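The values are calculated or read from the model by the stated rules, or taken from the named source; none is laboratory data. Model, not experiment: these values are computed from the prediction. Cβ placement follows ideal geometry from the backbone for every residue including glycine, while neighbour counts extend to all protein chains displayed. Surface accessibility is based on the protein's heavy atoms, side chains included, excluding ligands, DNA and RNA. Shrake-Rupley method; radii C 1.70, N 1.55, O 1.52, S 1.80 Å.
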Amino acid sequence: MDASTLLQVRDLKKYYPIKQSPFSRTKTFAKAVDGISFDILRGETFGLVGESGCGKSTAARSILRLEKATAGSVIFDGIDIMKLDKAEMRQVRRELQVVFQDPYSSLNPRMAVKDIVAEPLIVHKEARGKELEGKVAKLLDVVGLSPSSSERYPHEFSGGQRQRIGLARALALQPKLIILDEPVSALDVSIQSQIINLLEDLQQQFRLTYLFIAHDLSVVNHISNRVAVMYLGKLAEMAIGEELFKDPQHPYTQALLSSVPLPDPAAKRKKVILQGNVPSPVNPPWGCRFHTRCPYKMDICTQKEPPLNDIGGSHFVACHLTGGQVKQ
Amino acid sequence: MTLLEVKDLKTHFHTAKGIVPAVDGVDFSVCQGETLGLVGESGCGKSVTALSIMGLIPSPPGKITGGILFDNLDVLFLSEKEMRRLRGNEMAMIFQEPMSALNPVLTIGQQIAEAIRLHQDIKERDVEERTIDMLQLVGIPMPERRLRDYPHHLSGGMQQRVLIAMALSCYPKLLFADEPSTALDVTIQAQILELLKKLRTDFKTAIVLISHDLGVIAEMANRVIVMYAGKFVEEASVNDLFHNPLHPYTEGLLLSVPRLDKPIKRLQPITGTVPDFLDLPTGCSFHPRCPYALDICRQKSPILKSLGAGRRVSCWLR
Ligand SMILES: Nc1ncnc2c1ncn2[C@@H]1O[C@H](COP(=O)(O)OP(=O)(O)OP(=O)(O)O)[C@@H](O)[C@H]1O
Ligand SMILES: [Mg+2]
């Protein structure tokens, strides 16, 4: 593995068994994540976008080992974390932190803010007494919370401030990678921009790497260096952010981008309005998973699953239309 | 032609902790067939404005004053029975969470049929056919089969279509759409917005579209009102609002969103947070977050001044 790679995900799968009649002989599964591979480079923000239910969060939880992956490997900073036992994993988790969409449900309501932020430091025996107090005060300051907030409880804070508390806690053990799962989705626009700027500042200051998961394409485009688009458990396209948003190759990416309403009444665009809904991951369509909604469907699309092809310029597309051809 | 006229509408909630002035003296009108956008951050009073006009604010704790004239009817003086008739026939509302507005134990066919029976003068044997027509109209595939589905069998986008079908079953003159696509994925949102556009062309329905998404407002609205802490701070045609915002709050909102069409290196957030209704700042409610605040802004509340050409703004700088 290249030294510049911090996280390498290969053919990650997570299948959930579906409850069935006791007489049925074959087992069926919801294939929430069905073989995805990507690398995250040190210091970058890697964006993962897709609509609800496409498997983004399941992928994150599997990488974090909050769920047991069905197959695949996850190499973090040179260590294959799928093979670690509990104690070893606990050590790795210091460097691999996560912040979720709803900070409220992930913060213990009975703990004061200072104790929430101190907890990881105490559990990992990083600091105690005066030193611990000093570290907590510094962390609160870094995320823009006033010293007076340390004695208060999560319910006394707004959504944006709770997200700051979650970030202070995630930063406590000086992680290398933070997985941010819809970190700003629940926030009002003015607060959302405050948190996005804070995330950018923290990344600079602490040389952090982010896996940024969101459904809002404008936000992902703004914050990410490289972006992968997920559809029904698979990656449809992956490229450098600017390239992906300027020159999307996969019909799904094109439709997704054209669907975003722009805050400009003069904007003239042709929308690609997709018909129907995302199919169920229990019986995903044969061949290309997107063919049931694709405006360019060909015969081959219903028969053969397109691989994620390298089309040059760090741009990858899983589509028979661009099948393996290098872009001119 | 003016369909709805609202004068000095105040909706105050009398709570144990004090009075919440959720809507605090707003004036506006809606013309036949137009789409009026109502934007603002969470808790600023958008939904309460719509619910007040629909007669859906519980009292107590709510107390409504002012005047609401709809189609020459003085809405605040109607009896509950007259109000119910108006709500069914002339105005309708769709909500952000479609599931919470549908009855989970009735099939969608039963629910739409009920709405049709209530609002249309129609023979019982024609109800099912009309129900199917309505489902077809809102783009639900194979409507004959869908009739017997329960709400939880449907995706969020399909549930929202069912609600739109119910709201339209009375061919309302005015439709309040409260964040109709916020809970949906972008590709499904695009379908719902397209459907609303088609319906307003076909039925000339006026729409009050409530959204915090500036993109949705830019795409759908003819005219826009920006709301902050229970008051209107700016009103303008959609072009003026997006290309030449006059209120610092409107300007702040436009600068704080990342955009696909004009990527920028760094966002410019509005500092601070939305004030608490029980502890509103003195003077202009926006002054603690305003980069241009003057002394007078801290002392006196500005009025919503008319600048001509349908433009109004409430700011001491203007
Ligand atoms: N029944 C009630 N009793 C007391 N306060 C209420 C009641 N209903 C609404 N409010 C208050 O009125 C204010 C305005 O609420 P409203 O729902 O109109 O906001 P909104 O602009 O629609 O926000 P959002 O974007 O989150 O939907 C809020 O502070 C809310 O807490
Ligand atoms: Mg609301």
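The label point for B:Lys63 and the one for A:His124, both projected 7 Å from the Cα toward the Cβ, are 5.5 nm apart.
Start at zero, step by 10 Å, and the Cα-Cα distances of the protein assembly as shown spread as 3, 14, 23, 25, 20, 12, 3, 0, 0 percent across the bins.
To the nearest whole percent, what portion of all C-alpha pairs in region B:103-171 is separated by more than 17 angstrom? Looking at region B:103-171, the distances longer than 17 Å represent 30 percent of pairs. Near A:Tyr15, the amide H atoms lying under 5 Å from its own belong to A:Thr70; only residues 5 or more places off or on other chains count, and H is placed 1.01 Å from N. The distance between label points at A:Ser73 and B:Thr107 comes to 5.5 nm (points 7 Å beyond Cα on the Cα→Cβ vector).
Size of region A:61-201: Rg and Dmax of its alpha carbons, in Å, are 15.6, 47. Taking the longest Cα principal axis of chain A as reference, the axis of helix A:129-142 is set at about 50 degrees.
Our note on the geometry: Cα centres of region A:150-182 and region A:203-274, 26 Å apart. The alpha-carbon atoms of region B:10-129, seen along their principal axes, cover 52, 34, 28 angstrom, with the largest extent given first. Straight-line cross-link partners of B:Lys198 among the lysines, defined as a Cα under 23 Å from its Cα and at least 8 positions apart when in the same chain: A:Lys268, A:Lys270, A:Lys271, B:Lys173.
For chain A, take the alpha-carbon Rg, divide it by the Kirkwood Rh, and send me Rg/Rh. Checking Rg against Rh, the ratio lands at 0.99. Taking a span of 24 Å or more along the helix axis (Cα atoms) and a mean Kyte-Doolittle hydropathy of at least 0.0 as the rule, the DSSP H helices of chain B that qualify are B:186-203. Remark: region A:242-328 projects, on average over all directions, an area of 7.0 nm² (convex hull of Cα atoms). Approximating the spin labels as points 7 Å out from Cα along Cα→Cβ, the B:Lys10-to-B:Ile303 distance works out to 1.6 nm. Angle of helix A:113-123 to the longest C-alpha principal axis of chain A, folded into 0 to 90 degrees and rounded to 10: 80°.
Between the helical axis of A:189-206 and the longest alpha-carbon principal axis of chain A there is an angle of about 70 degrees. Available extension along the chain between A:Thr26 and A:Ser105 is 24.7 nm, counting 0.36 nm per residue and deducting the alpha carbon span.
Cα centroids of region A:1-66 and region B:166-199: 34 Å apart.
To the nearest 10, the accessible area of A:Thr28 is 50 Å² with a 1.4 Å probe.
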